[in-house]
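The values are calculated or read from the model by the stated rules, or taken from the named source; none is laboratory data. Only a predicted model underlies this, so the values are computations on that prediction, with no experimental measurement involved. Don't worry about glycine lacking a Cβ; one is built from the backbone with ideal geometry, like all the others, and counts go over all protein chains shown. When the accessible area is computed, the model is the full protein with side chains, heavy atoms only, and any ligands, DNA or RNA have been set aside. Shrake-Rupley method; radii C 1.70, N 1.55, O 1.52, S 1.80 Å.
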Amino acid sequence: MGCVKAMQKGPGLTLAPPRPGKKTAARVALVGLKEPNGSLLADCFKQFNIETISMNDGVPERLQKEKFEACVLHLGPQAEAVMDSARRSPSSGHMVIYGLGGSAQDAMRFSKYGVNAVFQEPLDRPSALKLVRATQMLVLHEFRRYVRIPIITEIAMVTEDGRRFTATSKEISTGGMSVKSPEDVTSGTNLEVSFALLTLPRIWVRAQVSWRKPNKTFGVRFDAKDERRFRIKEWIEAYLEN
């Protein structure tokens with residue numbers, strides 16, 4: 001959902017611009033971004049026919065009144081008020097929230113608001129475009145083509161022998177999640193995982209480590225016999241429908 005980074009390697013980073021006159025498919029609020037960051041991100045989103053709106057004043061009020069599919073903002077002292085307003089918005093409550101200029105640890109401070117992805121600073125075009133490409137299906141509401149939700153939150157884990165540690169989520173699906181943690185776990189390790197997601201109260205579910213990569217990222221698969229996993233499935237379906 002560590003932060004979400006582009007996991008897909010395409011044939012190139014430069015895409016054809018939208019056709020002239022084509023209706024914009026979605027709107028993204030760029031909150032308090034200075035140049036050249038604002039222009040760089042605007043250009044990246046434009047390649048997917050996503051309009052960007054620069055905002056500096058009255059941001060919480062605008063997010064309450066206007067419809068946006070996503071927003072980008074610095075993970076600083078002013079971020080909480082903006083995120084809170086975004087999540088309480090009647091029309092934009094499930095918008096994709098991009099953080100800017102922080103790590104996964106920085107995003108964890110705002111985990112209750114469900115930060116979906118983080119742009120690293122200093123921004124560079126290839127990395128920014130990769131992240132937009134990796135998440136644009138959510139922004140465009142192409143949910144049937146996007147079965148994994150990028151989201152950053154703290155995951156508590158307990159192994160069968162009682163060892164406890166925490167991890168940071170990267171993506172979640174109805175069948176499992178990918179996380180990042182420095183803990184040494186091996187494929188096949190049985191776990192009890194616990195986490196909360198926005199409107200989903202803390203939940204516990206049995207899982208098993210299904211894969212691990214050298215970059216301290218690993219995946220867990222929820223136990224198909226654990227009926228508690230259906231709460232996760234219901235939450236994901238509701239998240240995608242709103």
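Name the residue that is farthest from residue 232 (Cα to Cα), counting only residues in the range 204-216 that are modelled with pLDDT of 95 or more and exposed (fewer than 15 other Cβ atoms within 10 Å of the Cβ).
By that ranking, first place goes to 211.
Identify, please: which residue in the range 139-155 is under 25 Å from residue 194 (Cα atoms) and open to solvent by less than 30 Å² (accessible area, probe 1.4 Å) and is, among those, modelled with the highest pLDDT?
Keep residues of the range 139-155 that are under 25 Å from residue 194 (Cα atoms), which gives 146-155.
Subset that is open to solvent by less than 30 Å² (accessible area, probe 1.4 Å): 146, 149-153, 155.
Details: 146: 51, 149: 89, 150: 91, 151: 92, 152: 92, 153: 92, 155: 95.
Here the residue is 155.
Given the conditions (1) in contact with a Phe, Trp or Tyr (Cβ under 6 Å, 6 or more places away or on another chain); (2) at pLDDT below 95, report the number of the one that residue 2 does not fulfil.
(1)
Having 3 or more residues that are over 23 Å from residue 95 (Cα atoms) and touching a Phe, Trp or Tyr at 6+ places or on another chain (Cβ under 8 Å) is the bar; report the strands (runs of 3 or more DSSP E) wholly within the range 156-242 that clear it.
On the way: elements: 164-172, 176-180, 190-197, 200-212, 217-222.
Strands (runs of 3 or more DSSP E) meeting the threshold: 190-197, 200-212.
Is there any pair with a first residue in the range 189-203 that is open to solvent by 60 Å² or more (accessible area, probe 1.4 Å) and at pLDDT below 95 and a second that is of a type outside the set (Ser, Thr, Tyr) and part of a strand (DSSP E or B) whose Cβ atoms are under 6 Å apart and which are 6 or more apart or on different chains, and what are they?
Going by the 6 Å Cβ cut-off, the qualifying pairs are 202/196.
Filter the range 195-237 down to residues that are under 17 Å from residue 170 (Cβ atoms), of a type in the set (D, E, K, R) and within 18 Å of the chain's Cα centre (by Cα), then give me how many there are.
Matching residues across the range 195-237 total 0.
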